[in-house]
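Here's the structure we're looking at; comments come further down.
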Amino acid sequence: MTAEAAAETRSGSRTRRGGRWIEQWDPEDEGFWKQTGEKIARRNLIFSVLSEHIGFSIWSLWSVMVLFMGPEYGVDPAGKFFLVAIPTLVGGVLRVPYTFAVARFGGRNWTVLSALMLLVPTAAAALVMTPGTSYTTFIVVAALTGVGGGNFASSMTNINSFYPLRKKGWALGLNAGGGNIGVPVIQLLGLLVIGTAGAAHPRLVLAVYVPLIVVAAVLAALFMDNLGPVTNDTGAARDAAKEPHTWVMSLLYIGTFGSFIGYSFAFGLVLQTQFARTPLQAASLTFIGPLLGSLVRPVGGRFADRFGGARITLGNFVAMGAATGVVIYASAERSLPVFLVGFIALFVLTGFGNGSTYKMIPGIFQAQAVRRGLAGEAAVAYGRRLSGAAMGLIGAVGALGGLAINLAFRQSFQMTGSGTPAFVSFLAFYAVCCVVTWAVYLRRPSRAASSEGAETGVEAGEAAARPVYAEV
């Protein structure tokens, strides 16, 4: 089953060098899964989480660095919002090539390489974090941290291949949640540094991460595996891009993950700008929301496994709208306690929704396979093929939601000195997500629509097939 020899093996256009290649992998076979697959998948999941966790920390590095940037740095609040927005843009774009890197180089090999790449933005930040550095230089160095955002796409694509459909919600939720915790962890470290050494020592944060990056790369090299059956399929990428569900799920993922990462990067700046918190006061609060949102993500996946991702996602968006209403009230009234309650609730709901939306993706394409008349192994292969390709696109578009959130805050504070207009726009977007989730995945067709579909011979009608997505 495993190619442990150090010889070269050629599969298609990819040359494999060294060991740790698994040449046969069938997690949908329950016998294989219980005897061999589950243990291997769990081991790869553990070290994937570690590497992705550090990737998220580096991706969100500048949400911490801006807390160290006092008046002597010469960067105003609008400039800081733009500074933390840049990594989300770069990270979102990089998610597309990172998705295909797993099949090109192997999941284990790419995890090692992508982890080591995190040393570049970390070292660069250590060089430039001093008053007198130009704003352009800060922008360039902040952009480098986008490589940490790309790690998510490759990690999720890799773990998606290891687990059977019935386990994907939990596994992908745990993988993503463990990665997401990298955001509050680096914010907690920033709080520790500011509280003990003061705001003049941002390099202490960076000094902690350099050895952690090396450790993550070494552990991935020692304990992870490459899956031989996973190969790049450019046709799958094209098919996924043509599939309307890819773009529908991208919209919903903007509402969940885009909100999570955007709020994570902006939380401290909102507290400083709107509520006049000091760097230490802001740092003592910023980690709470991302931490809770990260911890609840696997729970969202678990609930989606049990009750259906579409149902959970719809209810989650309704709750996000309610929480945003609380935040709008608190923002207008300048009530920090109420604002914290509403905003932290938003974080929890974005994390919960992250888990349910990512559970939906493989289920949707599995349902599409059934609608196309496929069954058994053919249906599984079709679902795995398109869901893996779609995850990269959906993850990339969803990450760009974080860019939109930070730009919305920047514009809102520039024009009104308050974040209230930005939150109103977010509420409107969540309402759109509610309508789309219901209309595409939960709305049951009328009898007339079902009959018309049957009469025209369109696989019992497009509308008649919709309710199946309630179970994804």
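What follows draws every value from the coordinates through simple rules; no lab data is involved. Because the structure is predicted, anything quoted here is derived from the model rather than measured. All Cβ positions, glycine included, derive from the backbone under ideal geometry; neighbour counts span all protein chains shown.
Relative contact order of the stretch 318-447: 29 percent, from C-alpha pairs under 8 Å at least 6 residues apart in sequence. Restricting the calculation to Cα atoms, every distinct pair contributes to the Kirkwood radius of the chain, found to be 22.6 Å. Dimensions of the stretch 324-399 from C-alpha coordinates, computed as largest minus smallest value along each principal axis and given longest first, are 57, 19, 14 Å. Over the residues of the chain, the helix contribution to mean residue ellipticity at 222 nm works out to -25000 deg cm²/dmol, using -39500 (n - 2.57) for each DSSP H run of at least 4.
Across the stretch 136-147, rounded Karplus estimates of 3J(HN,Hα) from the backbone phi angles (6.51 cos²θ - 1.76 cosθ + 1.60, θ = phi - 60°) give 4, 4, 4, 4, 4, 5, 4, 4, 4, 5, x, 4 Hz, Gly and Pro being marked x.
Karplus-based coupling profile of the stretch 64-69, in residue order and whole Hz: 8, 4, 5, 5, 8, 8, with θ = phi - 60° in 6.51 cos²θ - 1.76 cosθ + 1.60 and x standing for Gly or Pro.
The slack in the chain from residue 96 to residue 215, taken as 0.36 nm per residue of separation less the alpha-carbon distance, amounts to 40.2 nm. Distances between placed amide hydrogens fall under 5 Å for residue 129 paired with no residue 5 or more residues away or on another chain. The count of lysine pairs in the chain that are at least 8 places apart or cross chains, and whose C-alpha atoms lie under 18 Å apart, stands at 6. Rounded to whole numbers, the Karplus 3J(HN,Hα) couplings from phi for the stretch 412-427 are 5, 6, 5, 8, 10, x, 9, x, 4, x, 5, 5, 4, 5, 5, 4 Hz, using 6.51 cos²θ - 1.76 cosθ + 1.60 with θ = phi - 60°, and x at Gly and Pro. Scaled against 2.2 N^0.38 Å for its residue count N, the alpha carbon radius of gyration of the stretch 267-373 is 1.32.
In the stretch 347-447, the alpha-carbon atoms span a convex hull of 116 Å³ per residue.
Here the alpha carbons of the stretch 78-133 define both size measures, Rg and Dmax, at 14.7, 44 Å. Between the alpha-carbon centres of the stretch 19-48 and the stretch 172-245 there is a gap of 22 Å. Between residue 203 and residue 222, the simple label model (points 7 Å from Cα in the Cβ direction) yields a spacing of 3.0 nm.
Averaging sequence separations of C-alpha pairs under 8 Å and six or more residues apart, then dividing by the length of the chain, give the relative contact order as a whole percent.
RCO, the chain: 22 percent.
You can think of it this way: the chain between residue 414 and residue 276 has 48.1 nm of extra reach, that is 0.36 nm per residue less the Cα-Cα gap. Expressed in units of 2.2 N^0.38 Å, where N is the residue count, the Cα radius of gyration of the stretch 238-295 is 1.58.
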